[in-house]
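A short worksheet on the structure shown next.
The values are calculated or read from the model by the stated rules, or taken from the named source; none is laboratory data. Keep in mind the model is a prediction, meaning the values are calculated, not measured. Here the Cβ positions follow ideal geometry from the backbone for every residue, glycine too, while neighbour counts run over all protein chains shown. Just so you know, the surface numbers come from the protein's heavy atoms only, side chains and all, with ligands and any DNA or RNA stripped out. Shrake-Rupley method; radii C 1.70, N 1.55, O 1.52, S 1.80 Å.
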Amino acid sequence: MGRVQPRYRVLGPGRAPHADGTEGPVRGARLAALFAALAAAGGRPVTAAVLADRVWAGDDTGPEDPAAALQALVARLRRALGTGTVVSVPGGYRLGAEREDVDLFRFERLAADGSAALAAGDAGRAAELLDEALGLW
């Protein structure tokens, strides 16, 4: 059975499809932090303030103008991953993806479905689902 892999991976090193059609890591610490924060929201909007806090967490100085620095970082992520990757919303941004496009959320669903199948006495189906979930790690 051919399993469709999630487009965005945050379990382990962050990986995503790039604008040039290849798939690979999101390079650069701040760019990777922005990608992870957006992916962890599973397509839901994240405010600019929350994103800035996550991107510059632990950086005592941070940018002088966090909003402008975040806009520049979003532009870099769009160039790297494609224009539809990061969607502007009032007050922030969201990943242009469904929850199932992110490995974290697919893992959670598969693990829950596997547990439910096991509780229902379908050990074979449970093993399939849990094996698929494990494969995402």
Next item on the list: Would you check if residue 102 is modelled with pLDDT of 95 or more, of a type outside the set (S, T, N, Q) and buried (at least 18 other Cβ atoms within 10 Å of the Cβ)?
Entry: no
Next item on the list: Go over the candidates 89, 55 one by one and state the one that is more than 30 Å from residue 128 (Cβ to Cβ) and touching a residue at least 40 places away in the same chain (Cβ under 8 Å).
Entry: 89
Next item on the list: Give the residues of segment 71-85 that are in contact (Cβ under 8 Å) with a residue 24 or more places away in the chain and open to solvent by less than 40 Å² (accessible area, probe 1.4 Å), sorted by residue number.
Entry: 73, 74, 77, 80, 81, 82, 85
